[in-house]
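Student: I'd like to ask you about the structure that follows.
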Amino acid sequence: MIAGVDEAGRGPLAGEVCAAAVVLDDDHSIVGLDDSKKISDKKRRELSETIKSQAAYWSISVATVEEIVELNILQATLLAMRRAVEQLSITPSLVLVDGNQDPMLGVPTRTIIQGDRKEACISAASILAKVARDDMMLTYDKQYPKWGFAKHKGYGTKQHLDAIRTYGITPIHRLTFEPIKTLLSSK
C-alpha cells in the first residue's frame, strides 16, 4: 500500500493549495501518467477520471487561503498533504512525496525531488490535485469574472496583475504574497 502525494497551487496569488494522495491498483496500469504540468488540460481531465475509477484509493484535500496567510505557503502545503493522506480509507505502508519536504505524516515517508516524473503514484496525485485546483479556479471565475481566473488560474500573469490594479483584490487573494502585499501597503 504505497501512496503518492503531490500538490498544486503553491505559486499562484489566489486560491487554495490542493493536495492529492493516490494508491494505485496493481491490477490496473494507467497509461500516460506524468507530471501534471507536462500534460494538456484535456488529457489531465481524462487521466483524472481514469485515476478516480481505477486507483485502489485516492483523496483530495486543500489548505484554505486563510491557512496560507496564517501559516505560510509551505506549511499550508504540508497541511493539505497531511489531510489528503489522512482522508484515505487505509493507512499506507509508505508514502512517496513529491519534493524535498516531509509533511510529517506519522507513517514511513520518502521525499523524491521531481517525483511526479519518476513515480506513477505521485504522477497520479499530481494530476488529481491540478484538476481539482483548476476546477476551483473555474468556479471562482464565475464569482469574480473581471479577474480572469479561468484563464490564468490565479498565477501572477500580466492580465491578473492588471485586474488587481483595476478592480482590487478578492477574498481569495493571498494577502501575504507579492505583489499583493506591496499593493495593499501602498494604499
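Quick note: the coordinates plus some simple rules give every number you see, no bench work behind them. Remember, predicted model here, so these are calculated numbers, not experimental data. Every residue, glycine among them, receives a Cβ derived from its backbone with ideal geometry; neighbour counts consider all protein chains shown.
Student: How long, wide and thick is the stretch 143-183, going by the Cα atoms along their three principal axes, in whole angstroms, largest first?
Tutor: In descending order, the Cα extents are 24, 19, 17 Å.
Student: Tell me, what is the percent relative contact order of the stretch 1-122, built from C-alpha pairs under 8 Å that lie six or more residues apart?
Tutor: 35 percent
Student: Still on this structure, I have one more. Treating the beta-carbon of each Lys and Arg as +1 and of each Asp and Glu as -1, no other charges, what is the dipole magnitude of the chain about its Cα centre, to the nearest 20 debye?
Tutor: Dipole magnitude for the chain comes out near 840 debye.
Student: Okay, moving on. Give me a comma-separated list of calculated 3J(HN,Hα) values for the stretch 103-110, in order, Karplus coefficients 6.51, -1.76, 1.60 applied at θ = phi - 60°, integers in Hz, x for any Gly or Pro.
Tutor: In residue order, the calculated couplings are x, 6, 8, x, 9, x, 9, 10 Hz.
Student: Using just the C-alpha positions of the stretch 38-108 as equal point scatterers, what log10 of I(q)/I(0) does the Debye formula give at each q in 0.17 1/Å?
Tutor: Result of the Debye calculation: -0.79.
Student: Got a sec? Charge dipole of the chain, +1 on Cβ for Lys and Arg, -1 for Asp and Glu; which of GLN114, HIS28, GLN54 is way out at the positive end?
Tutor: GLN114
Student: Grab the alpha carbons of the stretch 71-118, take their convex hull, and tell me the volume per residue in Å³.
Tutor: Each residue corresponds to 76 Å³ of Cα convex hull volume.
Student: If packing is taken as the average count of other Cβ atoms within 10 Å, what order do 7-18, 62-73, 163-174 fall into, highest mean first?
Tutor: 7-18, 62-73, 163-174
Student: Based on the alpha-carbon gyration tensor of the stretch 70-151 and its eigenvalue square roots a ≥ b ≥ c, which shape applies: rounded if a/c is under 1.5, prolate if not and a/b is larger than b/c, or oblate?
Tutor: Note, shape of the stretch 70-151 comes out prolate.
Student: Tell me which of VAL95, LEU128, ASN72 sits at the most positive position along the dipole axis of the chain, charges placed on C-beta atoms (Lys, Arg +1; Asp, Glu -1).
Tutor: Of the candidates, ASN72 comes out farthest on the positive side.
Student: Continuing with the same structure: Quick one: what are the phi-derived ³J(HN,Hα) couplings along the stretch 59-70, Karplus 6.51/-1.76/1.60 with θ = phi - 60°, whole Hz, x for glycine and proline?
Tutor: Along the stretch 59-70, the couplings run 8, 10, 9, 9, 10, 6, 4, 4, 5, 4, 5, 6 Hz.
Student: Which whole-Hz couplings ³J(HN,Hα) result when phi for each residue of the stretch 118-129 is put into the Karplus expression 6.51 cos²θ - 1.76 cosθ + 1.60, θ = phi - 60°, listed in order with x for Gly and Pro?
Tutor: So the J values, rounded to whole Hz, are 10, 10, 4, 5, 6, 4, 4, 5, 4, 5, 4, 5.
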